[in-house]
Each structure stands twice: as C-alpha cells, then as structure tokens.
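Student: Structure incoming, see below.
The values are calculated or read from the model by the stated rules, or taken from the named source; none is laboratory data. Note that the structure is predicted; figures quoted are calculated from it, not measured. Note: ideal-geometry Cβ built from the backbone for every residue, glycine included; neighbour counts use all protein chains shown.
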Amino acid sequence: HPPTSELQALDAAHHMHPFTHAGELKDKGVRVIARANGVTLTDTDGNDYLDAMAGLWCVNIGYGREEMAEAAARQMRELPYYNTFFQTSHVPAIALANKLAELAPGDLNHVFFAGSGSEANDTNIRMVRTYWAQKGHPEKNIIISRKNAYHGSSMGSGSLGGMSFMHEQGGLPIPDIHHIDQPHWWAEGGDMTPEEFGLERARQLEKKIEELGADRVAAFIGEPIQGAGGVIIPPSTYWPEIQRICDKHGILLIADEVICAFGRTGKWFGSETMGIRPHIMTIAKGLSSGYAPIGGSIVCDEVAEVINNCEFAHGYTYSGHPMTCAVALENLRILEEEKIVDHVGAHTAGYLAKKWATLADHPLVGEASSIGMMGAIVLTPDAEKRAKFAGNEGDAGLICREHCFQNGLVMRHVGDRMIISPPLVITDAEIDTLVERAWIALDLAHKQLEA
Ligand code: PLP
C-alpha cells in the first residue's frame, strides 16, 4: 500500500466518515488500520494497539479467524446472493433463523433479518405499529425510549435514540416517539441511593404511559445496558420495575441487544443477565462478530403470529443475505463449540471486573464499573462530589483517549467517561496489559489536565 501520509491525504480528499469532524483532523490525518489478529490491531506504520473496543463492540470472537473467511468463501461459491422476498428462502437463512430461535430465551422463536442494527430497529418500529393495527388499534403507535440511548442512525432508529446532538441534524425525531430519562445514577442520581434512583427512573415510564394514555402506547425500547451512551449499568431495581410496568399496561417490550447479545454481558443475551422478558430483541454486531454486516429482530410467538397473518410490507435487499448468514452461523458455532460465552461468564468477566476496579484508585477516576465484558471509568476532578471538569464536557475524555492511542490501547470516550468492550477471547495477560496501559494513559492525562 502507499505510505501512510499518502493514504491520509487520499482519505481526506474523498472519504466522508461517520461521527467525525473532518475539519478538526486536517493537520493530523486519520489512523489507518492495516490488519488485525486476536485482540491486536496493526496500523500502516506497523504500530500495534490492543483493541479494547472490539471494533465497534462487535468483534466478539477476536480478529483473524480463518474459518470465518472460509465460511464466507464457501457460501459465495455456492450461492452468493438470493433474496428472501416473495415466498422464497435459502439454506443459510433457514439455518440461522432456527439457530437463533434455539439460542434465544423464552418464546422468541422468529427472526426478521436486516443488514444492520439501525435497519433492525426500523423494522421494529414498523412491526410493533403493524402488530397493534392488525389487532384493531392503529392509534396505539407511540414508542417510548430513553434520553442518551443509541439505537442507530437511520431516520427511525435515530429517532428512537435519545442523543440530542443527533436530533439537531436532519429533522429527527419522526412523530410519535417519546423519551424518558436514563437510569444514570452517577451523573443524575443526586442524593438518592442507586436503588431508589432506579425505581424513580423506571416509574417515569409509568408516568409517561399515563400522560399519553396506554391506548396510545405501542412499545418501550431500551438497551439492557446502555452502550454508546457510556456503558451505563442501571441500578438493580430498574429493569424489574420496567418489566412490571410494561406487563401491567400491555406495552410491548423491545430489548435492543445489538451490543449486549452473544456473550457481551456474560450470558448469551443481556436480557438474561438483567432479567428482562422482551417481546422483540434487536441483534447485530456480535451476531457475526462484525465479520459481515447483518442484523435482525428476534420476535416472540404472539407478535410473529399477528405479523405473519398479513403481508408485512417491509424488507431489505440484504434481509437474510446468504453470505452474511453463513458467516453468522460460523461465528455462533465458534462461540458455542469453544465455550467462549460460558468462559466469559465463568471466568473472564470476573477477572476483568477485578482488574478494571483497580483503576478507581487513580486520582483522575471517580468510579470504575463493569458488567460482563463492558466497562466504564468516569474522569472527574473530585470523585467525592461527582464533579465535572471546568470547560467542555468531553475534553478530558478526548485527552485520555489520545494518550491511550499513543500507548497502544484503543479505548473510546463518551464525554468524560472512558469505555471498553474488548473481544470476548481476551486473555488474562491481555487484560493485565489493557489495565496497565489505561493507567499510563490516565497518568499522562492527569498531568496534562493539571498543567
Ligand atoms: N442499537 C445499539 C444498542 C447500538 O449500539 C447500535 C450501534 O452501535 C445500533 C443499534 C445500530 O447498529 P448499526 O450501527 O449496525 O446500524
């Protein structure tokens, strides 16, 4: 390949990036990743980075699994493409739908495929509204979500999301989407205990339903653990109360498992970890470990029966794409046969939690929390007061992220929270390295912030 500086110039000239302020990059240029293996990325200058984000929360089995490339090539030779519209199907989509029905809890037995998490959440909006319309309640079309949630970037999924800076661009949200507050105790809990706060936040759902009328509300959607919002682990009281409220008012519950599914929380699904019984689950990312773009909705018997009783006029050219389904099947085989999810639950999550918690002793850190294989630390000038830095929120996080990169570690910042979601196959020694490098980056960020 051409030298890095040339690649950076070509990238700047012609490549528009998601969630990037390109103007701010001008003098610096993008980091160009050349290859990856296990948990390690290598850039075009030969620098290695421990990828504590598993790409974008997705490379659950780690990079460089040859069997995945073979599964893709095998399927491309056999049947590179066919659709699943108009009463046709094919072997990989059938096999994957059946495998997901076997893995998913309860009566989540039916799968509608999409190409991404955003597309799957768009499917969910139309599916729950169609469900109620088919049952004779077309006015029951409001979906309640949460501020600071992330559900994707399309018009529908971006509207479900609760990120105000996204809503400011492009005319979001679409009508009949409402948002309640997030269960973020550290930032918003005030004097309440986490348990009191969890109940208070969950009961906002009930208030919202009563305000709008239960006859207008179709569904509630939430990530079992908010990911892109900053790995926000809700208090233990939160989800049971949300479940009770949905049950009481006959509201469909959608668990957006795009990050949480396929072992991320230490079980196959985040709903199992958090004790949620959803009617629909959104999946993507870890379904193929990011090796191929695929998403979907896993739907319960009752909703599927109603939807299957009409023509659901919805679908994507790549709904159940044969190659992506074959890659997802191979990924699930690896996760299952190598007992990767079991090992995370029995060992790795505990080891990560123990090591990650040590970062709470750093003077720049207010809180270090984790669940399964996702974690967050809060950068603060005063942990006791849960204080924020003077100046712009996120400046400290950005400084810390840069020091991570300089020291061979990919961590993401959300405001002044530093977050991780490493490949599930990370070894204990690699976790030690991750935490050591994070500590070095925190020291350097601390010095810079104090200067
Ligand atoms: N839902 C959640 C919880 C996500 O974290 C994401 C992506 O980060 C999405 C949906 C959107 O998925 P995609 O980027 O595949 O469209």
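Student: In the stretch 115-133, what residues are away from the ligand (no atom under 12 Å from the Cβ) and touching a residue at least 24 places away in the same chain (Cβ under 8 Å)?
Tutor: Answer for the stretch 115-133, where residues must be away from the ligand (no atom under 12 Å from the Cβ) and touching a residue at least 24 places away in the same chain (Cβ under 8 Å): 125, 126, 127, 128, 129, 130, 131, 132.
Student: Looking for something part of a loop (DSSP other than H, G, I, E, B) and either touching a strand residue (DSSP E or B) at 6+ places or on another chain (Cβ under 6 Å) or of a type outside the set (S, T, N, Q) (or both) - is there at least one such residue anywhere in the stretch 429-445? Let's see the steps before the verdict.
Tutor: Of the residues in the stretch 429-445, the ones part of a loop (DSSP other than H, G, I, E, B) are none.
Looking for residues that are part of a loop (DSSP other than H, G, I, E, B) and either touching a strand residue (DSSP E or B) at 6+ places or on another chain (Cβ under 6 Å) or of a type outside the set (S, T, N, Q) (or both), one finds none in the stretch 429-445, hence no.
Student: If the requirement is being exposed (fewer than 15 other Cβ atoms within 10 Å of the Cβ) and within 16 Å of the ligand (Cβ to nearest atom), which of these qualifies: 220, 165?
Tutor: Unique residue meeting the criteria: 165.
Student: Does the stretch 1-35 hold any residues that are among the hydrophobic types (A, V, I, L, M, F, W, C) and out of contact with any helix residue (DSSP H, G or I) (no Cβ under 9 Å at 6 or more places or on another chain), and which are they?
Tutor: 7, 9, 10, 13, 19, 33, 34
Student: Hey, can you tell me all the residues within the stretch 310-320 that are over 26 Å from the mean Cα position of the chain (by Cα) and either loosely packed, with under 11 Cβ neighbours inside 10 Å or over 25 Å from residue 106 (Cβ atoms) (or both)?
Tutor: Answer for the stretch 310-320, where residues must be over 26 Å from the mean Cα position of the chain (by Cα) and either loosely packed, with under 11 Cβ neighbours inside 10 Å or over 25 Å from residue 106 (Cβ atoms) (or both): 311, 313.
Student: Among the residues that make up the stretch 143-162, is at least one of them more than 21 Å from residue 376 (Cα to Cα), more than 15 Å from the ligand (Cβ to nearest atom) and either more than 21 Å from the chain's Cα centre (by Cα) or surrounded by fewer than 16 Cβ atoms within 10 Å (Cβ to Cβ) (or both)?
Tutor: The answer is no, given that none of the residues of the stretch 143-162 is more than 21 Å from residue 376 (Cα to Cα), more than 15 Å from the ligand (Cβ to nearest atom) and either more than 21 Å from the chain's Cα centre (by Cα) or surrounded by fewer than 16 Cβ atoms within 10 Å (Cβ to Cβ) (or both).
Student: For residue 414, indicate whether it is farther than 30 Å from residue 136 by Cα and not assigned by TED's automatic domain parsing to the domain that holds residue 281.
Tutor: yes
Student: Exactly one of (1) within 16 Å of the ligand (Cβ to nearest atom); (2) in contact with a Leu (Cβ under 9 Å, 6 or more places away or on another chain); (3) without any contact (Cβ under 8 Å) to a residue 40 or more places away in the chain is unmet by residue 247. Its number?
Tutor: Every listed condition holds for residue 247 apart from (1).
Student: Considering only helices (runs of 4 or more DSSP H) fully contained in the stretch 1-102, which possess at least 3 residues that are in the same structural domain as residue 312 (by TED's automatic domain parsing) and of a type outside the set (A, V, I, L, M)?
Tutor: On the way: elements: 4-14, 22-25, 54-57, 66-78.
The helices (runs of 4 or more DSSP H) meeting that bar are 66-78.
Student: Of all residues in the stretch 236-250, which are assigned to a helix (DSSP H, G or I) and of a type in the set (Val, Ile, Thr)?
Tutor: Selection gives 242, 245.
Student: Could I ask something else about it? Considering every residue within the stretch 54-70, establish whether at least one is among the aliphatic types (A, V, I, L, M), surrounded by 15 or more Cβ atoms within 10 Å (Cβ to Cβ), more than 16 Å from the ligand (Cβ to nearest atom) and under 20 Å from the mean Cα position of the chain (by Cα).
Tutor: Yes: the stretch 54-70 contains one or more residues that are among the aliphatic types (A, V, I, L, M), surrounded by 15 or more Cβ atoms within 10 Å (Cβ to Cβ), more than 16 Å from the ligand (Cβ to nearest atom) and under 20 Å from the mean Cα position of the chain (by Cα).
Student: In addition: Of everything in the stretch 304-320, what is in a loop (DSSP other than H, G, I, E, B) and either in contact with a Pro (Cβ under 6 Å, 6 or more places away or on another chain) or β-branched (Val, Ile, Thr) (or both)? Give them in sequence order.
Tutor: Hit for the stretch 304-320 is 317, nothing else.
Student: With respect to residue 101, is the statement that it is without any contact (Cβ under 8 Å) to a residue 24 or more places away in the chain and small (Gly, Ala, Ser) true?
Tutor: no
Student: So the check is Cβ under 7 Å with 6+ separation or different chains; which pairs have a first residue in the stretch 381-398 that's under 18 Å from residue 450 (Cβ atoms) and a second one that's surrounded by fewer than 16 Cβ atoms within 10 Å (Cβ to Cβ)?
Tutor: Short answer, once both residue conditions are applied: 381/387.
Student: May I ask you to list the residues in the stretch 222-236 that are over 18 Å from residue 272 (Cβ atoms) and touching a helix residue (DSSP H, G or I) at 6+ places or on another chain (Cβ under 7 Å)?
Tutor: Residues of the stretch 222-236 that are over 18 Å from residue 272 (Cβ atoms), as a first pass: 228-232, 235.
Listed by number, the list holds a single entry, 235.
Student: Output the residue which, of all residues in the stretch 269-279 that are within 16 Å of the chain's Cα centre (by Cα) and surrounded by 24 or more Cβ atoms within 10 Å (Cβ to Cβ), is nearest to residue 131 (Cα to Cα).
Tutor: The qualifying residue nearest to residue 131 (Cα to Cα) is 271.
Student: For the stretch 1-52, give me each residue that is touching a strand residue (DSSP E or B) at 6+ places or on another chain (Cβ under 7 Å) and of a type in the set (Phe, Trp, Tyr).
Tutor: Hit for the stretch 1-52 is 49, nothing else.
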